[in-house]
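Take a look at the structure below.
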There are 4 protein chains.
Amino acid sequence: MSFYDKLSPANVAPLWRARGLLPKEPSTPAVPFLWPYAEVRELLLEAGGVVTAEEAERRVLMLMNPGLDGRPAATANLYAGLQLVLPGEIAPMHRHSAAALRLICEGSGAYTAVDGEKATMEVGDLVLTPSWTWHDHGNETDEPMIWLDGLDLPLLHKLETHFFEVTGDARQALTVPENLSARLYASARMNPSWVDASTPYSPVIAFPWKQVERQLAEAATVSDGTPADGLLFEYVNPFTGGPVMPTLSCHMQLLKPGLHTDAHRHTSAAVYHVVRGNGHSIVGGERLEWTARDTFALPAWAVHEHVNASGDEDAVLFSFSDEPVVRSLGLHREQAVERQG
Amino acid sequence: MSFYDKLSPANVAPLWRARGLLPKEPSTPAVPFLWPYAEVRELLLEAGGVVTAEEAERRVLMLMNPGLDGRPAATANLYAGLQLVLPGEIAPMHRHSAAALRLICEGSGAYTAVDGEKATMEVGDLVLTPSWTWHDHGNETDEPMIWLDGLDLPLLHKLETHFFEVTGDARQALTVPENLSARLYASARMNPSWVDASTPYSPVIAFPWKQVERQLAEAATVSDGTPADGLLFEYVNPFTGGPVMPTLSCHMQLLKPGLHTDAHRHTSAAVYHVVRGNGHSIVGGERLEWTARDTFALPAWAVHEHVNASGDEDAVLFSFSDEPVVRSLGLHREQAVERQG
Amino acid sequence: MSFYDKLSPANVAPLWRARGLLPKEPSTPAVPFLWPYAEVRELLLEAGGVVTAEEAERRVLMLMNPGLDGRPAATANLYAGLQLVLPGEIAPMHRHSAAALRLICEGSGAYTAVDGEKATMEVGDLVLTPSWTWHDHGNETDEPMIWLDGLDLPLLHKLETHFFEVTGDARQALTVPENLSARLYASARMNPSWVDASTPYSPVIAFPWKQVERQLAEAATVSDGTPADGLLFEYVNPFTGGPVMPTLSCHMQLLKPGLHTDAHRHTSAAVYHVVRGNGHSIVGGERLEWTARDTFALPAWAVHEHVNASGDEDAVLFSFSDEPVVRSLGLHREQAVERQG
Amino acid sequence: MSFYDKLSPANVAPLWRARGLLPKEPSTPAVPFLWPYAEVRELLLEAGGVVTAEEAERRVLMLMNPGLDGRPAATANLYAGLQLVLPGEIAPMHRHSAAALRLICEGSGAYTAVDGEKATMEVGDLVLTPSWTWHDHGNETDEPMIWLDGLDLPLLHKLETHFFEVTGDARQALTVPENLSARLYASARMNPSWVDASTPYSPVIAFPWKQVERQLAEAATVSDGTPADGLLFEYVNPFTGGPVMPTLSCHMQLLKPGLHTDAHRHTSAAVYHVVRGNGHSIVGGERLEWTARDTFALPAWAVHEHVNASGDEDAVLFSFSDEPVVRSLGLHREQAVERQG
């Protein structure tokens, strides 16, 4: 028996023949990709009539990165989906290790309840359902509601640390006033001194668009932000100043009319959602044309730059990212590069 | 020569004869005390005609705690003063180790410049001049301006760590747009990603009253806060969630109509300033009647409770405190006690 | 075209048909497994005569978890290998994003150089080569050296954030005295005040066995540790008290004679290496018999308990783990369970 | 009534007439000063025969800084004293807000018990009694014991936050094995994973000299430390890497033969105690000659440099300092200056 034939039965393998074990640079099969809202929306509305009542509570079209071989993922670590909730529908209460967020695209007045608080939702609002918090949602209005779901599910799958629990109850008990957290932190940089600040995630679970919009507008009167990002704001946990959840960060970004940002790349990936405006982004050499409500994927380490095509309107981009993951693990790296476009 | 006679020449002393070296409980010579705004204001206006031009840049009446023997202090560690700035007056740029804040009582439009940023000030605004930041201020309007100054100066005197510097220049160069920091953090719990967050104090130096007022109003619709404090909010450093400066914390507190808070005491002291409303506080057994713009001292470890005397109007109290000092040093202690009133 | 046929071309997929997306509990294909030292050592020595000179610098037999389909991994996130370095051999300087450690099994006096410091190595010593630190090693003695390599490489592959760099130089310049870091922290809980403590990893790169042995011996005279772990010590970064590297923690554990630990499980996985003693561990229902220098894998969430089979000798287990990863990301969970053995 | 006459009755004072309120640089009445051990020891032994039985439990000669007007303080914030405990004497259990430490000068085997742990003490050992921990001590040996006491008592007096409590019991119950904490952290940079690390002070309460000595000796073979301080080590809390208590830091410092350190000054003050060697320090222009066991005071902001007068013996200086206080409050400042000697 030759030397090499003995190795496999002993459950060992020769490092000196392992090629590619230490790649020089990150590469990912995920590709730059854009999902036009109009197209997904049409399918989603069609799904409204196709799925059964039971299926309806998960009426989400998952955005599948074409490079990821059918895994439900928009980038290597991030999941994104568009969900339609029709009048009268609910999703029963449950919790999971995966961290989740939603950004509202259409409709007004449906709710998500998280750990005893009911948050009603308007277009542009960001609502968090952090890891292992009980949540349920429903649409008590008379119009359909569509939102973008963002999760760290592909990361959790890789890390093999996912737990899931249901109780069988449709709704959780509401223990605090409606929209409590949005209202307690409405305007000023003051924190309520009586709130338990020891959770590993933001105790603010709803970030209303009307507050975001006001802040963007005021900031734009005094700053241009940076050449690489324009006016890039991070949603933060008010008690730490850090990301809203340990695995996902959320940003809102204003690109002034005509802005063409510098190009750079970083070891974190992101999913972008266009809140307002028209333009394009050049991601890994691909030109992605976008308009309001489109969603696109930025794979890790892909060079990217954004262009607001309008000469007189701002463009506003929401994004969520796995940046807290690479930062926590000491793996964050960023590089400015030449523009591609 | 007897044994005890030998000790002093050797610069030693017998611990076994040192009484009171380890007191059972804190006590302070500072007393509960209130300075009525109307009275101080009248003297301040009179001072407007008395002081010389040179003296005018420091036209402040220091609030002297009657228990502190002529030391310029409102409580053992905290300084408070009311300053009048007449149209056309300025205070040349300088910096000091003492941390300072001002809360605007009257007037509109005078400015404080801090580290390159000019902040214009309205009634109710809070403006910080953190330790060792260059600052200057002036009144370019045509009406007098009165504000409350708060400093940690008595603490710094005790710690013997005070530095002071002037350049001889009247004004510092303004390197960023006017009111930058207030506007960058105007509304939503988002932080500008490009701001240097490494200072030991809040990079937000101005907290406009209009934002504070909005947050108090919204919070009051969903919460009563706590029985001990009502709706007590802390101004925070957005990048840490902690106090705005390492030695001073600032709070704004809404007492709903008729509220009589529970009584408690703590090892930190505070200076209160009434922004709105009428009522009284019972501090260390003393009843202090207050109305808008009055200032009063809460000595450390003094039992206290607040009463909003109105049945239909909110009362709003601003306060600054040395709580960060006792917390940082592991000396914070709090105790609920029986009400005195 | 039916509804479902339209989805794939649009790069979306129906969540309501995605089974297993939210598993109730973590599961991993990795299996409990033990690699007997005697067996791997024999193959390693045989490899000494088989590999070419160029290959020799990576003469490592990787420990392949049988459940992981030929991926070079001992658990889902952790790599382990046994390396043989013959007299005169070196590995040229390089650096990589993956964090690495080695625990010495046999031989005395070979070296690893890390960021300018040459650390000579004895049996039982732990040496770190943190992420992106330049390192090289060599054997200038006249006897073979065998050590256990531990890396977070499978995790880095999943996260797609790996960088690698070589310079072509065989050795790095040594800029500080030999064995500096071990000696600066030799004994007492004192830190050198002049060392830069701002690295994200421990500035101590070598932890000599003679110090570890002394600490275990002294601790055993005053404590039994805990029923679940015996005397479990974590190697720490002296400037934070936290894990030695952001992705890997290292432990040394003494099991007193006859100890049978309680059973538990946690969301972190580990690789164990037996430094001393004989016994067995029951891992996920499998009984793994071990003796000195054997290595075994504990998959994540596998129930486990350890037994020191000897009635009069201590057993000592070294282990490295991805616990800092699950902790940083808010995914740590632990559960006590019934013993299986 | 003139304007100025009205101010005092109103409890206000004019800032524009307050001189010296904002000093340009710190100054302290405390002076550089040295207490020769031989002299204090002789008085202490004489006190052995003078004090009553009841007084004996506090048979301490406090080191009185001549500049501080009879306040029991060695520097503005720091208390130091030399205590004699004769065979058979004890100090009943008590606790106080003031943080305390002792460094053993003479004798062997007396004990301090802290929070359930009895620590026996040898010459050179450092023992902590952190704020509000129960402690008692006694001498069960047949020889006298002398140690240096260090406290933050003057600071606590200034801050008016001192609490004190006795139970009437002579001794506390011992709940853990003797010398537990010294032994659990004996040698290696490993932490016991089962120890509660959430206290605001070091859970290690005794730092044996034999460990310190070993570390100094090893470090001296590979490093000279820095020109300003020689080999300056800080005793640390193993779970944070920070100072052992929130208000006091402790250092041990080796000056190689003939070393004359650079001069500098800082806003923290310190008390030095000579463990070994002969030399002198130039402090604020005063030359303080020292030999083993002498104690001397370094006031805040005083320029200082140390000289080991011996050409072949190391000098070793212990010191405790209020550096954590000025650091926590953002008031730390340091300046290199010209040597004075």
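The values are calculated or read from the model by the stated rules, or taken from the named source; none is laboratory data. Since this is a predicted model, take the numbers as computed values, not measurements. Methodologically, a virtual Cβ is constructed for each residue, glycine included, from the backbone with ideal geometry; neighbour enumeration extends over all protein chains shown. Areas reflect the complete protein model, heavy atoms only, side chains present, ligands, DNA and RNA absent. Shrake-Rupley method; radii C 1.70, N 1.55, O 1.52, S 1.80 Å.
When region D:318-341 is filtered for residues that are part of a loop (DSSP other than H, G, I, E, B) and either aromatic (Phe, Trp, Tyr) or more than 9 Å from chain B (Cβ to nearest Cβ) (or both), the ones remaining, listed by number, are D:Glu338, D:Arg339, D:Gln340, D:Gly341. Does B:Leu84 satisfy the condition of being within 12 Å of another protein chain (Cβ to nearest Cβ), assigned to a strand (DSSP E or B) and at pLDDT 95 or above? Spelling it out, B:Leu84 is indeed within 12 Å of another protein chain (Cβ to nearest Cβ), assigned to a strand (DSSP E or B) and at pLDDT 95 or above. Taken over region D:238-259, the criterion of being surrounded by fewer than 23 Cβ atoms within 10 Å (Cβ to Cβ), assigned to a loop (DSSP other than H, G, I, E, B) and more than 7 Å from chain C (Cβ to nearest Cβ) is satisfied by D:Gly242, D:Pro246, D:Lys256, D:Pro257, D:Gly258, D:Leu259. Would you confirm, using the coordinates I've provided, whether C:Ser310 is outside any loop (DSSP other than H, G, I, E, B), of a type in the set (Ser, Thr, Tyr) and either at pLDDT 95 or above or open to solvent by 20 Å² or more (accessible area, probe 1.4 Å) (or both)? So C:Ser310 fails the test.
Out of curiosity, is B:Arg287 touching a residue at least 60 places away in the same chain (Cβ under 8 Å) and either surrounded by fewer than 21 Cβ atoms within 10 Å (Cβ to Cβ) or more than 19 Å from B:Leu232 (Cα to Cα) (or both)? No, not satisfied.
Just to be sure before I move on: is C:Tyr272 within 30 Å of C:Val195 (Cα to Cα) and of a type in the set (Phe, Trp, Tyr) in the structure I sent?
So C:Tyr272 does not fit the description; no.
Just one of (1) without any contact (Cβ under 8 Å) to a residue 60 or more places away in the chain; (2) more than 7 Å from chain A (Cβ to nearest Cβ) fails for B:Val222. It is (2). Just one of A:Pro87, A:Pro32, A:Pro66 is touching a Gly at 6+ places or on another chain (Cβ under 9 Å) and either in contact (Cβ under 8 Å) with a residue 60 or more places away in the chain or open to solvent by 40 Å² or more (accessible area, probe 1.4 Å) (or both); which is it? Every option except A:Pro32 fails the conditions. Any residue that is aromatic (Phe, Trp, Tyr) and more than 8 Å from every other protein chain (Cβ to nearest Cβ) - is there at least one of those in region B:35-54? So far as region B:35-54 goes, yes, one or more of its residues are aromatic (Phe, Trp, Tyr) and more than 8 Å from every other protein chain (Cβ to nearest Cβ).
Residue count for region A:270-305, restricted to those that are under 14 Å from the mean Cα position of the chain (by Cα) and not small (Gly, Ala, Ser): 11.
Pick out the one residue from B:Ala73, B:Ala91 that is more than 10 Å from chain D (Cβ to nearest Cβ), assigned to a strand (DSSP E or B) and under 22 Å from D:Pro23 (Cβ atoms). Quick ask: steps written out before the conclusion?
Working: B:Ala73 fails: assigned to a strand (DSSP E or B).
From the options B:Ala73, B:Ala91, the qualifying one is B:Ala91.
Within the set B:Ser108, B:Ser181, the sole residue that is more than 14 Å from every other protein chain (Cβ to nearest Cβ), out of contact with any helix residue (DSSP H, G or I) (no Cβ under 6 Å at 6 or more places or on another chain) and either without any contact (Cβ under 8 Å) to a residue 24 or more places away in the chain or of a type in the set (S, T, N, Q) (or both) turns out to be B:Ser108. Scanning region D:123-165 for residues that are touching a helix residue (DSSP H, G or I) at 6+ places or on another chain (Cβ under 6 Å) and open to solvent by 10 Å² or more (accessible area, probe 1.4 Å) yields a count of 2.
To keep it simple, each residue is scored yes or no on (1) more than 20 Å from the chain's Cα centre (by Cα); (2) more than 7 Å from chain D (Cβ to nearest Cβ); (3) open to solvent by less than 30 Å² (accessible area, probe 1.4 Å); (4) among the small types (Gly, Ala, Ser).
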| site | (1), (2), (3), (4) |
| --- | --- |
| C:Val176 | yes, yes, no, no |
| C:Tyr185 | yes, no, yes, no |
| C:Asn191 | yes, no, yes, no |
| C:Asp196 | yes, yes, no, no |
| C:Tyr201 | no, yes, no, no |
| C:Phe207 | no, no, yes, no |
| C:Arg214 | yes, no, no, no |
| C:Ala217 | yes, yes, no, yes |
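Restricting region B:1-22 to residues that are open to solvent by 40 Å² or more (accessible area, probe 1.4 Å) and touching a strand residue (DSSP E or B) at 6+ places or on another chain (Cβ under 8 Å), the residue that is nearest to D:Thr52 (Cα to Cα) is B:Tyr4.
Flag: D:Arg58 matches the condition of being closer than 25 Å to D:Gln172 by Cβ and basic (Lys, Arg).
Taking strands (runs of 3 or more DSSP E) as the structural unit, those lying wholly within region C:115-214 and holding at least 1 residues that are among the aliphatic types (A, V, I, L, M) correspond to C:117-120, C:126-129, C:145-151, C:164-166, C:190-192. Just give me the residues in region A:219-234 being in a helix (DSSP H, G or I) and either surrounded by 21 or more Cβ atoms within 10 Å (Cβ to Cβ) or polar (S, T, N, Q) (or both), in sequence order. Listed by number, the residues that qualify are A:Ala219, A:Thr221.
If only residues of region C:35-63 that are surrounded by 14 or more Cβ atoms within 10 Å (Cβ to Cβ), assigned to a loop (DSSP other than H, G, I, E, B) and not charged (D, E, K, R) are counted, the one that is farthest from the chain's Cα centre (by Cα) is C:Val51.
Residue by residue through region A:1-32, note down the ones that are within 30 Å of A:His304 (Cα to Cα) and either facing chain C (nearest Cβ under 8 Å) or out of contact with any helix residue (DSSP H, G or I) (no Cβ under 7 Å at 6 or more places or on another chain) (or both). Listed by number, the residues that qualify are A:Arg19, A:Gly20, A:Leu21, A:Leu22, A:Pro23, A:Lys24, A:Glu25, A:Pro26, A:Ser27, A:Thr28, A:Pro32.
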